[in-house]
Amino acid sequence: MRIVYMGTPDFAVGPLEAMIKAGHQVSAVVTQPDKQRGRGREVKMSPVKECALKYGISVFQPVKIREEDSIRQLSLYPADIFVVAAFGQLLPEKILHMPRFGCINIHASLLPAYRGAAPISWVIINGETHTGVTIMQMAKGLDTGDMLLKEKVLIEEKETEETLHDKLMEAGARLIVEALPKIERGELTPEKQDDALSSYASKLDKSMGLINWEKDAAALERLVRGLNPWPSAYTHYKGKTLKIWEADVIKENERVSGQEEGTPLQKEFSEPGQVALVGKDFFDVVTGDGFLRIYALQLEGKRRMTVKEFLLGYEVDPGLKLA
């Protein structure tokens, strides 16, 4: 099939390469404009643009895809179908009906659950046991179109957004290669979404990473994993931002054996955010329910490190308040 592919981040690279290797003709790639990134504010291409150029594919980077000039330019590329994966802009109806087979989307959840911008993070934060990828026929509205194919993916106990992202990218690559010939042959039966079962995965924001120690330890441990690598869960240590990268949930009855490695437990350290126990390679922080045991972190202006490394240069004593 002749394809115009729309995508921007790393998640969209795997499906693009899979379609190329499967022999489909990708006549153009549509991606977001180059942006300044990093501390040096260097202008960088999107991962999808880099991939397209590697294969010699034409690249179109509209600031606003819904403008008439952008729609006119898009119509010039030969295509039987438009395939979309994390493009970053909503498509107007003119574009949705432009190619013969319409527009299909590779969405990183099992629709109708987790419609929206950040389904990978939210399934971890909310404690789901599985997620997946849905190939859907795009329609007016956010991720509301008919479902064509699905693949379920297990969420491991210590899954992070980064590891789950890679698993879902691979699943999306497999599924789109399976879907395209079936769409061309008319072998897929569209299934309408039940709006009553839908949920929304809102866009991530740096502020949501601030740890509220009043919450229970299990919820905070999921937040750490769900926001790893971006925007990261964080607290404050002596006025500086302290990112938390690895943590476990510890219940009161599990702390007895750990005390042999750490400082003695003092019952007065019971305020959420207080350090209650310090070991050789961890420290425990009081939460609204249970304790969050920290194993890896990153102080503002420093590299990521284990708690064992951190304790060589910084004081963490029972009673210290993180906020």
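So the values come out like this:
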read-out: Failed item, numbered, when LEU149 is tested on (1) part of a helix (DSSP H, G or I); (2) in the same structural domain as MET6 (by TED's automatic domain parsing); value: (1)
read-out: Selection count where residues are part of a loop (DSSP other than H, G, I, E, B) and out of contact with any Gly (no Cβ under 9 Å at 6 or more places or on another chain), scope region 24-37; value: 3
read-out: Criterion (crowded, with 16+ Cβ neighbours inside 10 Å and out of contact with any helix residue (DSSP H, G or I) (no Cβ under 8 Å at 6 or more places or on another chain)) met by exactly one of SER75, SER70; value: SER70
read-out: Subset of region 44-56 (residues that are more than 20 Å from VAL84 (Cβ to Cβ) and either of a type in the set (S, T, N, Q) or within 23 Å of the chain's Cα centre (by Cα) (or both)); value: LYS44
read-out: Residues located in region 38-58, provided they are of a type in the set (Asp, Glu) and either part of a helix (DSSP H, G or I) or within 22 Å of LEU16 (Cβ to Cβ) (or both); value: GLU50
read-out: Filter result (basic (Lys, Arg), closer than 20 Å to ASN212 by Cβ and either in a loop (DSSP other than H, G, I, E, B) or not assigned by TED's automatic domain parsing to the domain that holds GLU246 (or both)) within region 286-323; value: LYS321
read-out: Filter pass, ALA201 being touching a strand residue (DSSP E or B) at 6+ places or on another chain (Cβ under 8 Å) and either closer than 17 Å to VAL123 by Cβ or not assigned by TED's automatic domain parsing to the domain that holds ALA296 (or both); value: yes
read-out: The listed residue being crowded, with 20+ Cβ neighbours inside 10 Å and assigned to a loop (DSSP other than H, G, I, E, B), out of PHE82, PHE101, PHE87; value: PHE87
read-out: Condition met for LEU164 (in contact with a strand residue (DSSP E or B) (Cβ under 8 Å, 6 or more places away or on another chain), assigned by TED's automatic domain parsing to the domain that holds GLN298 and closer than 12 Å to ILE124 by Cβ); value: no
read-out: Some residue of region 262-285 being closer than 28 Å to GLU128 by Cα, in a strand (DSSP E or B), at pLDDT 95 or above and within 24 Å of the chain's Cα centre (by Cα); value: no
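Residue by residue, here is whether (1) among the β-branched types (Val, Ile, Thr); (2) in contact with a Ser or Thr (Cβ under 8 Å, 6 or more places away or on another chain); (3) crowded, with 20+ Cβ neighbours inside 10 Å holds:
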position: GLU159; (1), (2), (3): no, no, yes
position: GLU187; (1), (2), (3): no, no, no
position: GLU191; (1), (2), (3): no, no, no
position: ALA217; (1), (2), (3): no, yes, yes
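The values are calculated or read from the model by the stated rules, or taken from the named source; none is laboratory data. In this text the structure is predicted, and so the values were computed from the model without any measurement. As a convention, Cβ positions derive from the backbone with ideal geometry for all residues, glycine included, and neighbour counts pool all protein chains shown.
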